[in-house]
Amino acid sequence: MGEVIAVSRSAEYTFSKPNAGSIRLLAGLGVEGDVHQGVTVKHRSRVFKDPTQPNLRQVHLIHAELHDELRESGFEVGPGQIGENVTTRGVDLLGLPTGTLLHLGPEAVVEVTGLRNPCVQIDLFSNGLLKQVVHRDAAGELVRRAGIMGIVVTGGEIKPGDEIRVELPAEPHSPLKPV
């Protein structure tokens with residue numbers, strides 16, 4: 001079982017999202033009051049390509065363990081600062097398969113849709129950070145560590161301290177890909 005460490009939202013297109021005491025997830029839409037809330041894509045680059053695409057990036061989750069690793073590498077990063085709505089601890093987010101259901105708190109359920117594909121904005125926050133969260137492994141494969149994305153299946157309020165329960169999809173599992 002994992003835990004929600006922090007929740008964040010921003011009504012404007014800002015890279016960092018201010019922390020909140022709680023956030024409300026709305027089924028099929030995302031985080032109430034967040035700029036990325038909606039049925040269709042809200043990320044500017046995706047809207048430019050095709051504004052009718054389904055929004056598979058309604059909720060962005062990052063594991064606090066990544067923040068810990070980044071601090072050890074000299075980067076000061078805290079909850080919400082690199083754009084996530086939910087900061088978690090104790091769940092291997094990057095190891096989850098597509099379609100995993102994350103039960104957040106007593107009601108909310110988020111279905112994992114894929115990996116966050118960070119852009120150069122992350123280096124504007126802190127120079128060199130992009131190389132810390134996206135790099136190539138020994139086999140030359142691209143490794144993305146900047147969190148995962150999901151859609152809201154069941155709405156509800158979530159807050160720091162809430163429990164996270166992981167429900168894996170039926171096998172065979174599909175590994176996460178960028179969305």
Quiz item: For region 84-175, what value does the Rg/Rh ratio take when both radii are computed over Cα atoms and Rh is the Kirkwood radius, given to two decimals?
Solution: 1.01
Quiz prompt | In order through region 81-92: 3J(HN,Hα) via Karplus (6.51 cos²θ - 1.76 cosθ + 1.60), integer Hz, x for Gly, Pro | solution = 6, 10, x, 7, 8, 10, 9, 10, 9, x, 10, 7
Exercise. Compute the distance in nm between two label points, each set 7 Å from the Cα along the Cα-to-Cβ direction, one at residue 154 and one at residue 3.
Key: 2.3 nm
Exercise. Quick one: pull the percentage of alpha-carbon pairs in the chain with a separation above 30 Å.
Key: 11 percent
Exercise. At 1.4 Å probe size, with every protein chain present, just tell me what the per residue accessible area of the chain comes to in Å².
Key: 49 Å²
Self-check item: Carbon and sulfur %, accessible surface of region 103-162 computed with the full protein complex present, 1.4 Å
Solution: 50 percent
Quiz item: Which loop GluC sites (Glu not before Pro) in region 7-77, with loop taken from DSSP, have no more than 12 other Cβ atoms within 10 angstrom of their Cβ?
Solution: 12, 76
Quiz item: Tell me, what does the Kirkwood hydrodynamic radius of region 83-131 come to in angstroms if you use every pair of distinct C-alpha atoms?
Solution: 12.9 Å
Self-check item: Contact order normalised by residue count of region 1-134, Cα under 8 Å, 6+ apart, percent
Solution: 25 percent
Quiz item: Using the Cβ atoms and a cut-off under 12 Å, what net charge is assigned to the surroundings of residue 153, where Lys and Arg are +1 and Asp and Glu are -1?
Solution: -3
Self-check item: Virtual spin-label span in nm between residue 125 and residue 46, 7 Å along Cα→Cβ
Solution: 1.7 nm
Quiz item: Kirkwood Rh over Cα pairs of region 112-161 into Stokes-Einstein at 37 °C, 0.692 mPa s: D in µm²/s?
Solution: 251 µm²/s
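The values are calculated or read from the model by the stated rules, or taken from the named source; none is laboratory data. Bear in mind that the values here come from a model prediction, so they are computed numbers and not experimental data. When we count neighbours, we look across all protein chains shown, and the Cβ atoms used for this are built from the backbone with ideal geometry, even at glycine. Surface areas here come from the heavy atoms of the whole protein model, side chains and all, with no ligands, DNA or RNA. Shrake-Rupley method; radii C 1.70, N 1.55, O 1.52, S 1.80 Å.
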